[in-house]
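Any read-out appearing in this document is the output of simple, stated calculations on the displayed coordinates, not a laboratory observation. As the structure is a computational prediction, the values presented were derived from the model and not from experiment. Ideal geometry is used to build each Cβ from the backbone, glycine not excepted, and the neighbour counts take in all protein chains shown.
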Amino acid sequence: MFATLSVACARALCLTLAIATVGVSLAYGSDADAGRSGEQTPGTDQIRLGTRQVELLVTKAPPRNGKYRTFTNTGSGSVRVSVATLNGGALTAGNERDGRPGYSIRTPRFNPSTDAPRAAVKITNATATDVLNPRSADFKFGADFVVDDPSWRTASGSTDNGDNLVQRGLYGDASQYKLQVDRDVATCRIKGDLGTVEVSSEVNIQSGRWYRVRCRRLSRSVTISVTSWRTNGTRHTDTDTRNGRTGDMTPNRPSWPFSVGGKLRAGGKVHPSTDQFNGRIDNVFLKIG
Ligand SMILES: [Ca+2]
Ligand SMILES: [Ca+2]
């Protein structure tokens, strides 16, 4: 997988986010279209930004205290990766899918109380260039995950009624891209200056089982694909698409973090209404262009 990524990165401007201790990796067959031109083509509504990637392959154990403080980005994007916490929350090491060697990110267990421990990965731009902004270009993002049971509760007084996997921006913001696994349903939500498109997978997500999910935004559609593995090792992918334009994804502030495992505020702090993902996460990626 690393070899494949290296080839892809050599052909295109690839954003390698190597999170120093946890690597999140972007893998999939997505590499096939990694060789796009990096030229800018002014005058079209599809601005070519060149291919950029952020990928966190979680390959190493936490360095100390069993808690991750950062992860190694293996993509070509210049970003900073850290861990944002609230109420003593932590990201620890989980097992990889099917007991393979390697690690995943273990997020806090379900806890609906107001002072529950929360934690999420925070990825922000390392330079003045907003490498997390797809503008009007095609882009995709996703992760592998296992969700716990329970992971949400809608009863009054519960502060956890969902499981946000990866996102940038909040629901009411000018721009948002989000992948959530709320109540056994995986959903991609894309909001840009031309509109909002939300598409859910028909797959009934089961707790305790690994899935690979990705969202793909094209100029006139958004697609969600969910891959699961059969016991014999073969995999099956279900795809659902909804048509609609979403447009330019520029946020109101370039400082908006890309988060993994829950909602962050614009300034990078954990949002009190976190929608904490409860489970394990691996191979997180964002690929633009
Ligand atoms: Ca891993
Ligand atoms: Ca949750």
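Per the listing R253, R242, the residue uniquely outside any strand (DSSP E or B), farther than 25 Å from I105 by Cβ and either in contact (Cβ under 8 Å) with a residue 12 or more places away in the chain or within 16 Å of ligand 1 (Cβ to nearest atom) (or both) is R253.
Each row is one residue, and each column tells you yes or no for (1) acidic (D, E); (2) buried (at least 18 other Cβ atoms within 10 Å of the Cβ); (3) away from ligand 1 (no atom under 16 Å from the Cβ).
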site: T72; (1), (2), (3): no, yes, no
site: G102; (1), (2), (3): no, yes, no
site: I105; (1), (2), (3): no, yes, no
site: P150; (1), (2), (3): no, no, yes
site: R153; (1), (2), (3): no, no, yes
site: D160; (1), (2), (3): yes, yes, yes
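Within segment 265-287, can you find the residues that are part of a strand (DSSP E or B) and under 13 Å from the mean Cα position of the chain (by Cα)? Passing the criteria: R280, I281, D282, N283, V284, F285, L286, K287. Considering every residue within segment 86-100, establish whether at least one is acidic (D, E) and within 11 Å of ligand 1 (Cβ to nearest atom). Scanning segment 86-100, I find at least one residue that is acidic (D, E) and within 11 Å of ligand 1 (Cβ to nearest atom), so the answer is yes.
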